[in-house]
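The values are calculated or read from the model by the stated rules, or taken from the named source; none is laboratory data. Keep in mind that this is a model prediction, so the values were computed, not measured. Please note: Cβ atoms are built from the backbone with ideal geometry, for glycine as well, and neighbour counts cover all protein chains shown.
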Ligand code: SF4
Ligand code: FES
């Protein structure tokens, strides 16, 4: 039997899932802290913005955003299937397109982000 | 020893005389420490000798007494009557055709098991005189858990994907392939990958984890499948980005 090509979509899904499992709690914590007015200086808006304007950081952010969106998209695809929505090709095309669109939008925004 | 009466509702089906499967009620006076299998044996010996089901060891090692007990895949010899308050519904394992009463047709599983070559394919053949294949405790640990499978098929009855896609190789067969792939003495991985890295192999798994929940031997087949996915993904990316590695 032929080896499946599923790893193309599963690889980023697994990587994104692992990543978000670590990142999401940190993000929730930081958002809460910021909301309560306790954001450490290092994580203040100006500092973060300057950080994100760096070329390598931009690349890193795009990768992180892509993997996270892709992982969510893939999870949604499988969930749809398990819930009885069996038009898999359509669902897959749709959710992956949203993940890619989100990544492109983030990349476009980051490209326009210049150091202050 | 305390005794009490338990009601069992058992699925009956004899393809030679019944058009449809139906349920039959039995009242059994049972002892506190009885398992469902004891009740079935009691029925067969004293009430209804025509009741058919599989069993052998009565100690959760042979894997033949798997059935649905109140809708959940269980070993009848490991499921205590006292854990069920009301009428206990006993049905044949889900996702398998019924041969008669609680006996299912398991040809599909046996064929899949055969396909994954669940035996040692030695890395290097050596004559018996050359001695045993040695292994360190660390090497043993990599696969030991997956050797505990008793082929009871509870994981197949629990797996929603197997229910939808009967071609799916399924939890136990893939876990057993993985068991041998992880064995330092074995060299058969490439052969097994042809089955388990195919679409109908590990890739039909959506990681619901139901297999690991019902496995009576704590094999954790879901973990084996995730490991197979990771390894197969690494294989795929290596094969497609570094073609010179392909033999
Ligand atoms: S993996 Fe567990 S549930 Fe599945 S056949 Fe083996 S022992 Fe039974
Ligand atoms: S009778 Fe052997 S596992 Fe139950």
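Data for the structure
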quantity: Residue check for residue A:93: closer than 30 Å to residue B:167 by Cβ, modelled with pLDDT under 85 and surrounded by 11 or more Cβ atoms within 10 Å (Cβ to Cβ); calculated: no
quantity: Members of the range B:20-68 found to be away from ligand 1 (no atom under 16 Å from the Cβ), touching a helix residue (DSSP H, G or I) at 6+ places or on another chain (Cβ under 8 Å), within 25 Å of residue B:154 (Cα to Cα) and in a strand (DSSP E or B), listed by number; calculated: B:26, B:35
quantity: Breaking point among (1) surrounded by 18 or more Cβ atoms within 10 Å (Cβ to Cβ); (2) within 14 Å of chain B (Cβ to nearest Cβ), for residue A:21; calculated: (1)
quantity: Matching entry among B:76, B:94 (being within 16 Å of ligand 2 (Cβ to nearest atom), farther than 22 Å from residue B:191 by Cα and in contact (Cβ under 8 Å) with a residue 24 or more places away in the chain); calculated: B:76
quantity: All positions within the range B:165-178 that are in a helix (DSSP H, G or I) and in contact with a strand residue (DSSP E or B) (Cβ under 9 Å, 6 or more places away or on another chain); calculated: none
quantity: Within the range B:183-211, considering residues that are buried (at least 20 other Cβ atoms within 10 Å of the Cβ) and either away from every other protein chain (no Cβ under 14 Å) or touching a strand residue (DSSP E or B) at 6+ places or on another chain (Cβ under 6 Å) (or both), the one farthest from residue B:120 (Cα to Cα); calculated: B:211
quantity: Qualifying residue in the range A:66-81 (condition: within 14 Å of chain B (Cβ to nearest Cβ), closer than 24 Å to residue B:204 by Cβ and surrounded by fewer than 14 Cβ atoms within 10 Å (Cβ to Cβ)); calculated: yes
quantity: Subset tally (residues that are more than 19 Å from the chain's Cα centre (by Cα) and either surrounded by 14 or more Cβ atoms within 10 Å (Cβ to Cβ) or within 13 Å of ligand 2 (Cβ to nearest atom) (or both)) for the range B:49-73; calculated: 2
quantity: Members of the range A:101-116 found to be touching a residue at least 24 places away in the same chain (Cβ under 8 Å) and in a helix (DSSP H, G or I), listed by number; calculated: A:102, A:103, A:106, A:107, A:110, A:111
quantity: Count - residues of the range B:214-247 that are closer than 25 Å to residue B:65 by Cα and touching a strand residue (DSSP E or B) at 6+ places or on another chain (Cβ under 9 Å); calculated: 2
quantity: Residue in the range B:149-163 that is more than 29 Å from residue A:78 (Cα to Cα), more than 14 Å from chain A (Cβ to nearest Cβ) and surrounded by 14 or more Cβ atoms within 10 Å (Cβ to Cβ) present; calculated: yes
quantity: Selected residue [more than 11 Å from every other protein chain (Cβ to nearest Cβ), within 16 Å of ligand 2 (Cβ to nearest atom) and under 25 Å from residue B:136 (Cβ atoms)] from B:218, B:178; calculated: B:218
quantity: Of the criteria (1) within 16 Å of ligand 1 (Cβ to nearest atom); (2) surrounded by 23 or more Cβ atoms within 10 Å (Cβ to Cβ); (3) away from chain A (no Cβ under 14 Å), which one residue B:110 fails; calculated: (2)
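So that you can scan it fast, the table gives a plain yes or no per residue for (1) assigned to a helix (DSSP H, G or I); (2) closer than 21 Å to residue A:71 by Cβ; (3) away from chain B (no Cβ under 14 Å); (4) touching a helix residue (DSSP H, G or I) at 6+ places or on another chain (Cβ under 7 Å):
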site	(1), (2), (3), (4)
A:9	yes, yes, no, yes
A:30	yes, yes, yes, yes
A:39	no, no, yes, yes
A:58	yes, yes, yes, yes
